[in-house]
1. For the stretch B:43-87, which residues satisfy the criterion of being outside any loop (DSSP other than H, G, I, E, B) and free of Cβ contacts under 8 Å to residues at least 12 places away in the same chain?
2. Count, please, the residues in the stretch B:23-41 that happen to be surrounded by 16 or more Cβ atoms within 10 Å (Cβ to Cβ) and without any contact (Cβ under 8 Å) to a residue 40 or more places away in the chain.
3. Sort through A:Ala93, A:Ala79 and tell me the only one that's out of contact with any Gly (no Cβ under 6 Å at 6 or more places or on another chain) and without any contact (Cβ under 8 Å) to a residue 60 or more places away in the chain.
4. Look at B:Asp91 and say whether it is modelled with pLDDT of 90 or more and either within 10 Å of another protein chain (Cβ to nearest Cβ) or assigned to a strand (DSSP E or B) (or both).
5. When you scan the stretch A:225-258, how many residues do you find that are in a loop (DSSP other than H, G, I, E, B) and farther than 23 Å from A:Gln148 by Cβ?
6. Would you check which residues across the stretch B:58-76 are more than 7 Å from chain A (Cβ to nearest Cβ) and not polar (S, T, N, Q) and list them?
7. Of the residues A:Ala288, A:Ala284, A:Ala250, which is in the same structural domain as A:Met171 (by TED's automatic domain parsing) and modelled with pLDDT of 95 or more?
8. Having 3 or more residues that are outside the structural domain of A:Gly278 (by TED's automatic domain parsing) and surrounded by fewer than 21 Cβ atoms within 10 Å (Cβ to Cβ) is the bar; report the helices (runs of 4 or more DSSP H) wholly within the stretch A:1-99 that clear it.
Amino acid sequence: MAFDKMELQKIEVWDGNFAAAQALRQCQIDVVAAYPITPSTPIVEGYAKFLSDNYIEGEFVMVESEHAAMSGCVGAAAAGGRVATATSSQGFALMVEVLYQASGMRLPIVLNVVNRALAAPLNVNGDHSDMYLGRDSGWIQLDAFAPQEAYDLNFIAFKVAEDHDIRLPAMVHQDGFMTSHTAQGVYTLTDDEAYGFVGEYKPMNDMLDFEHPVTHGVQTEEDWHFEHKARQHNDLMTKVFPKIQAAFDAFEKLSGRKYNIVEKYDMNDADVCVVCMGTSVETAREVATEMREKGIKAGVVGLRVIRPFPFFEIAEAFKDVKAIAALDRSSPNGAPGMLFNEIAGALFNTDKRALLSGYVYGLGGRDLTKAHLVSLYTELQANVDAGKVTTQLQQFIGVRGPKLAFL
Amino acid sequence: MSEIKKVKNLKEFSTSADRFEGANLLCPGCAHSIIVREVLNATNNDLILSASTGCLEVCSAVYPQPSGDAPWIHSGAGDGSTAPAGADAIDKALRKQGRLQQRAPEPAVVSFAGAGATYAIGTQWISAGTQFEVKFSKN
């Protein structure tokens, strides 16, 4: 091939955006169709720069909106090539119609979602509103807590999505600014190691196979629509986790970095624990360690895979714990939070049901401080001591004004 | 375009191997199928076809018996042109990489759209396509 390879240091100082852009380069993406939006723009800018500097042989399609960006990706993936893009927030919301097209057409696109709040009021900072908006779209959703993981999970995403038994698109989430614009040490793979891991793209029903013409995006009414949707759900429920686990295992062998579908921290003997996503996981781990010094046996569960939802892994992770706090970084707007509901669902039919309370935090980039988590863990311990939830089931953390609690 | 196509008379038309088949669900007498067939007959190149959501699409891309005898894609109402532009980009990329040499000449990309997909919901693409000098179709 006629592109240049890049010599990387063993450890590079990258933010989450550049880490993702480097992963796209190393996977040799054939087409990126993209429209810029804060804070994800540097990912597709990075791809464009690598392309113009001859580090990639591909095509960058400049489109007029995020809706068109995902449409371009759909067409490119249907034509038969490795395809990726990135977006955030309002752009993600505009893409939603086409997200369902991509997954329904079984096209293995990788979308880097740099999580950001949804307007109104307009806000460019990180929360998980866009991530939650995509959770019924039929995509695989992987969550990075730090730049290293934003880099690594892109390789995992391509490996799983493009597998011919899967053929589903995948999102790699990272927190806007906290991960995307925070530079940290990132352990790299060499170009050959990375490309060797994801492998050459293998087309399936590609439009460029003119000898075998195919129709993508067909019309089905009550006669076939349900069967197609059921099959997609079936594959998400039964086939994706084994492939993700296999990809995690292979990646550990290659890099020494171990990933789990549910990331447990100090959970073996924990009485109280926090479950959350994104950068908050690292903050919670630090506070959990400090709580143990104070005599509270604290643990943390981070969701590495959001969709498909790790129902049994969640039940397993919480089997010995006494009180759980589910932290949702998206306004549920009239309901318990998504994590609260889904964890409740996973635990409801088990023998040991821990005390579960929900917390809404960090909307629009509001900090989740260590002090917040200290009082949260203390509250959970009080629940354990009382044998019941002593607060209301849903509380808001870090919001100004009188304390907000519901249910 | 490699050669000028012979214009067929009606009798020849009835027996020709068209890339848009007569088996579709369009209303009897509807001109859509005639127009599409004539447009596709204008080239011998390989074709990448697309249609926006609409009559033509819901009547000719019905699972499991679509009418196109050429690669065909439908994504939505406003992106009948963006999706094949992505397919065209893959063609360009794979050609650059030398992975498609055996498939010369380049395919013709044809997108069928009505008022909704051009003037109303798809106006943005027409504007962007002009700005970024995208070839809407070529043969």
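1. If the condition is that a residue be outside any loop (DSSP other than H, G, I, E, B) and free of Cβ contacts under 8 Å to residues at least 12 places away in the same chain, then B:Gly86 is the only one that fits.
2. Number of matching residues: 5.
3. Unique residue meeting the criteria: A:Ala93.
4. So B:Asp91 fits the description; yes.
5. Counting residues in the stretch A:225-258 that are in a loop (DSSP other than H, G, I, E, B) and farther than 23 Å from A:Gln148 by Cβ gives 1.
6. Residues satisfying the conditions are B:Cys59, B:Pro64.
7. Details: A:Ala288 fails: in the same structural domain as A:Met171 (by TED's automatic domain parsing); A:Ala284 fails: in the same structural domain as A:Met171 (by TED's automatic domain parsing).
None of the others qualify; the one that does is A:Ala250.
8. On the way: elements: A:16-26, A:41-52, A:66-79.
Helices (runs of 4 or more DSSP H) meeting the threshold: A:41-52.
The values are calculated or read from the model by the stated rules, or taken from the named source; none is laboratory data. Bear in mind the structure is a predicted one, so any value in this text is a computation, not a measurement. Reconstructed Cβ throughout: ideal geometry from the backbone, glycine too, with neighbour counts over all protein chains shown.
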